[in-house]
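What follows is a short report on a single structure.
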Amino acid sequence: MRAGVGIDPRLGLSRDQQRTLVKESAELGYDSLWTPAGVTGRSIFQTCRDWWEATTGVVAAGLSVGTSVIPFPGWTVPTLAAESATLNEITAGKFKLGIGLGAYPSEAFRKQLGLPYVPPVAFTRDYVHALRELFAGKSLDYTGKGLSLHGVQLGINAPAVPVYVAALGPQMLRLAGEYADGVTPNWCSAKQIEWMRAYVAEGARRAGRAADEIPFALYIRVCIDEDEEAARRAFATQLLGYALARPGTPKDTGYRAHFARMGYDEILSELEARRDAGTPMAELVDAVPRELLLEVGYFGHARGAADALKRLSHNLLEEAMVRLITVRPGDLQACLAAVGACQPGGWARG
């Protein structure tokens, strides 16, 4: 199993601090570096290039770099393909493109970018198909529900970029099995990964593919701090940002449905009711059960990290990315301590 490091812009690290962190990750034996992306933040392609270049002084070919994930509705297919292919050319095939819907299909997100509504699974299928055709060097002539492209071809001779799809529910998992080069789920228990693999395998069979050709790459969030309570609170705060349904939004889609499938509907419904009644977020954070947090990641002292990572990843994943959370923003030393505590030799090798 490959081991990666997930570096979130919310860590608040400067570019120089990030370069220090990725060099240390290379020294410790990690295989890859991954990051989520926004629509209007710092260029993810420049960031990945920075990281890859920084690691070439440690590992001759540099570490692999990838996005998990970039919200594809904010891009046109030709520009996303061209940026990805350029980076893959520069890194000699070290880049993986993870894509997802992001905030789409919410009305606010679509209004912000002037996007029409397209059924999310169909929209994703269109993008994955078009990207893979372009990365294969083909001239694209395609009309789908979300795309219409004719005579488009990349002007770059680069290694084909693997396309990973963010998938949580049955339909998107089947789609990944049919069309994608890999799957990037998120916030998953070990049991949930087993459940997901069955749907990916179903999609693969439809397409005449072998399920073991479609790797799973999962962020496993980790917050290492000697102050275990502070680590728990930082971890729980991030989890609630994903797991709670926003007021007025359905609870049977997205991450809310995902956590419900893992058995946490009752807990989340109680927390949502308390929030809607005016309970401060700090109190909601204190009410998140410890067992929920530890089923999808790890917080606490360094000594427990390797065992937690082994439990959450062993024989389930092709790539596990240690997604760093810190108690304080801009805390490079905490990040370095975390990659040290989670170095691959303690859980990913053998």
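The values are calculated or read from the model by the stated rules, or taken from the named source; none is laboratory data. Bear in mind the structure is a predicted one, so any value in this text is a computation, not a measurement. Note that we place each Cβ from the backbone using ideal geometry, even for glycine, and neighbour counts take in every protein chain shown.
A few comments on the model shown:
- Scope segment 78-105; condition in contact with a strand residue (DSSP E or B) (Cβ under 6 Å, 6 or more places away or on another chain) and either in a helix (DSSP H, G or I) or of a type in the set (Gly, Ala, Ser) (or both); matching residues: Pro78, Ser84, Leu87, Asn88, Gly98, Gly100, Gly102
- Of the criteria (1) β-branched (Val, Ile, Thr); (2) out of contact with any strand residue (DSSP E or B) (no Cβ under 7 Å at 6 or more places or on another chain); (3) closer than 28 Å to Gly100 by Cα, which one Thr279 fails: (3)
- Considering residues of segment 42-65 that are in contact (Cβ under 8 Å) with a residue 24 or more places away in the chain and touching a Gly at 6+ places or on another chain (Cβ under 6 Å) only, the residue farthest from Ala103 (Cα to Cα): Thr55
- Within segment 260-283, the presence of at least one residue that is in contact with a Leu (Cβ under 9 Å, 6 or more places away or on another chain), within 23 Å of Phe216 (Cβ to Cβ) and hydrophobic (A, V, I, L, M, F, W, C) is confirmed.
- When Pro215 is tested against the conditions (1) of a type outside the set (A, V, I, L, M, F, W, C); (2) touching an Asp or Glu at 6+ places or on another chain (Cβ under 6 Å); (3) at pLDDT below 95, the lone failure is (3).
- Boolean, Leu240 is in the same structural domain as Arg197 (by TED's automatic domain parsing), under 23 Å from the mean Cα position of the chain (by Cα) and either surrounded by 15 or more Cβ atoms within 10 Å (Cβ to Cβ) or modelled with pLDDT under 95 (or both): no
- Subset tally (residues that are assigned to a loop (DSSP other than H, G, I, E, B) and in contact with a Gly (Cβ under 7 Å, 6 or more places away or on another chain)) for segment 1-37: 6
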